[in-house]
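Chemist: After the structure tokens below, expect a handful of questions from me.
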Amino acid sequence: MKQIRKRITYANVMSSIAVFLVLGGGAAYAAKKIGSNEIKAKAVTTGKIKKEAVTTSKIKKDAVTGAKVKESSLGQVPSALNATNATNATNASSVNGLHLSKIFFKSGPDTPNTTIFSAGGLTLNATCNGENLELTGTTSVNDSEIYESGNYLNTFDGGFDDDFDVGDTEPVGEEMGDESQDEVQGQVVYSTPAGSVVTIQLFLNDFGSFGETTTCAVVGIASFS
């Protein structure tokens, strides 16, 4: 102890304190003065950043671009939602539960029975026998009703069946007083006990309609719920 005390002098103590202050102050100075240009590229990795150290206020405006964002984490922006709704409206197959369907059938002679429409319980079948078009309707619902009426000189015969059952076959669109369907126009209305309704505007033609190679044709628009 006496040897140690002999070596502890005022000068030794002051020099030790000075070294401590220099080292401590220098470290603090270095920590305070080190800028981004003095940090080696890629030296600061993700693992070295304290959790939640990077807050919103520390992110430069417009620094986060679309390429740096995980798309699945984003919700749909209002403008995109409006565009989606517009597309759906364009492609919609129904309005308030009412559907529309185009009917178009044309054939040459001797075309076998062909289904040209089926919805709401009603099915229409067309056959071209030689030069004669035969259009018939069947139902998949018992106790249904089917009614047809004409709008022009050559019109449907105005048939009505209020007991239209499964297995029945109803002729559709025959001209008044004639079984031919040469340029016949009219409307067919079909309904079921459950309230399903099918309304069809039809134009029927045989004897060389829509070109020389076409013998029979059916054109129409159907609406159904």
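The values are calculated or read from the model by the stated rules, or taken from the named source; none is laboratory data. Quantities reported herein were computed from a predicted structural model and do not represent experimental measurements. Every residue, glycine among them, receives a Cβ derived from its backbone with ideal geometry; neighbour counts consider all protein chains shown.
Chemist: I'm trying to understand the selection: among the residues of region 154-182, which are hydrophobic (A, V, I, L, M, F, W, C), modelled with pLDDT of 65 or more and either exposed (fewer than 15 other Cβ atoms within 10 Å of the Cβ) or not in a loop (DSSP other than H, G, I, E, B) (or both)?
Modeler: PHE160, PHE164, VAL166
Chemist: Being surrounded by fewer than 15 Cβ atoms within 10 Å (Cβ to Cβ) and over 15 Å from ASP206 (Cβ atoms) is the filter here; which residues of region 94-113 pass it?
Modeler: If the condition is that a residue be surrounded by fewer than 15 Cβ atoms within 10 Å (Cβ to Cβ) and over 15 Å from ASP206 (Cβ atoms), then SER94, VAL95, ASN96, GLY97, LEU98, LEU100, LYS102, PHE104, PRO112, ASN113 are the ones that fit.
Chemist: Also, I was wondering about something else. Being part of a loop (DSSP other than H, G, I, E, B) and modelled with pLDDT of 90 or more, is that true of even one residue in region 196-219?
Modeler: Within region 196-219, one or more residues are part of a loop (DSSP other than H, G, I, E, B) and modelled with pLDDT of 90 or more.
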